[in-house]
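Trainee: Got a structure for you, written out below as structure tokens; questions coming shortly.
The values are calculated or read from the model by the stated rules, or taken from the named source; none is laboratory data. Remember, predicted model here, so these are calculated numbers, not experimental data. When we count neighbours, we look across all protein chains shown, and the Cβ atoms used for this are built from the backbone with ideal geometry, even at glycine.
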């Protein structure tokens, strides 16, 4: 006689769901942290320099928004995509997950390109000196572009996790969806009219109801 396999225990049944739950927690944490880092770094100083004028040198500085608006804008897009992942299902969830990953990748590329860009400093120097061809010297870059790139990398990882495990993640509750016999559920039973009040009897007759039933 062939051996009968033992019944499947609850612990064994929940094992496949553990990676998906862990990925969900990591995606939420990494996505929120990545968007916060990208937004924070966009308002910080990315580069400093000096503009040479006849009276001496004028210090200049450029923030992330001065250099490029890509990281800040894509951080907002990525944060919205992170929330939207749980509002859609099926192919929509895959599309939103891909948008989340692309937002992170775009932040990394934008921050890397902005770290080597001096056009914002030159524009500020031209405004300060009143000379369109004013140059800058002693250019120095801060760590904030790389902080923005790190935030983009976290968003990218969150998007990849959503692409890999998003199909097994829960969606928003449908508790407010159409239920019962109508869009707001079953109708309440009509209140029994008071036969001692004539106005209640007339209201029942107007509704087509038999007040004596």
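Trainee: Taking the condition over 14 Å from the mean Cα position of the chain (by Cα) and either modelled with pLDDT of 85 or more or buried (at least 19 other Cβ atoms within 10 Å of the Cβ) (or both), does residue 121 pass?
Mentor: Numbers: over 14 Å from the mean Cα position of the chain (by Cα): yes; either modelled with pLDDT of 85 or more or buried (at least 19 other Cβ atoms within 10 Å of the Cβ) (or both): yes.
Yes.
Trainee: Looking at (1) surrounded by fewer than 16 Cβ atoms within 10 Å (Cβ to Cβ); (2) touching a residue at least 40 places away in the same chain (Cβ under 8 Å); (3) more than 30 Å from residue 164 (Cα to Cα), find the lone condition where residue 136 falls short.
Mentor: It is condition (1) that residue 136 fails.
Trainee: Can you find a residue that is in contact with a strand residue (DSSP E or B) (Cβ under 8 Å, 6 or more places away or on another chain) and either in a strand (DSSP E or B) or modelled with pLDDT of 90 or more (or both) anywhere in region 26-43?
Mentor: First, pick out the residues of region 26-43 that are in contact with a strand residue (DSSP E or B) (Cβ under 8 Å, 6 or more places away or on another chain): 42-43.
Now drop any that are not either in a strand (DSSP E or B) or modelled with pLDDT of 90 or more (or both), which leaves 42-43.
Looking through region 26-43, at least one residue is in contact with a strand residue (DSSP E or B) (Cβ under 8 Å, 6 or more places away or on another chain) and either in a strand (DSSP E or B) or modelled with pLDDT of 90 or more (or both).
Trainee: Next question. What are the residues in region 52-90 that are out of contact with any helix residue (DSSP H, G or I) (no Cβ under 9 Å at 6 or more places or on another chain), without any contact (Cβ under 8 Å) to a residue 60 or more places away in the chain and in a strand (DSSP E or B), if any?
Mentor: Correct list: 56, 59.
Trainee: Looking at (1) assigned to a strand (DSSP E or B); (2) surrounded by fewer than 17 Cβ atoms within 10 Å (Cβ to Cβ); (3) touching a helix residue (DSSP H, G or I) at 6+ places or on another chain (Cβ under 7 Å), find the lone condition where residue 49 falls short.
Mentor: Here residue 49 meets the rest and fails (2).
Trainee: Is it the case that residue 104 is assigned to a helix (DSSP H, G or I) and either at pLDDT 90 or above or touching a helix residue (DSSP H, G or I) at 6+ places or on another chain (Cβ under 6 Å) (or both)?
Mentor: Details: assigned to a helix (DSSP H, G or I): yes; either at pLDDT 90 or above or touching a helix residue (DSSP H, G or I) at 6+ places or on another chain (Cβ under 6 Å) (or both): yes.
Answer is yes for this residue.
Trainee: Would you check if residue 113 is closer than 22 Å to residue 41 by Cα, assigned to a helix (DSSP H, G or I), within 34 Å of the chain's Cα centre (by Cα) and at pLDDT below 85?
Mentor: Values: closer than 22 Å to residue 41 by Cα: yes; assigned to a helix (DSSP H, G or I): yes; within 34 Å of the chain's Cα centre (by Cα): yes; at pLDDT below 85: no.
Here the answer is no, as residue 113 does not meet what is asked.
Trainee: So, of the residues in region 132-189 that are touching a strand residue (DSSP E or B) at 6+ places or on another chain (Cβ under 8 Å) and assigned to a loop (DSSP other than H, G, I, E, B), which turns out to be modelled with the highest pLDDT? Let's see the steps before the verdict.
Mentor: Of all residues in region 132-189, those touching a strand residue (DSSP E or B) at 6+ places or on another chain (Cβ under 8 Å) come to 134-142, 144-145, 185.
The next check asks that each one be assigned to a loop (DSSP other than H, G, I, E, B); those that pass are 134-135, 142, 185.
On the way: 134: 63, 135: 70, 142: 92, 185: 47.
Looking at residues that are touching a strand residue (DSSP E or B) at 6+ places or on another chain (Cβ under 8 Å) and assigned to a loop (DSSP other than H, G, I, E, B), I get 142.
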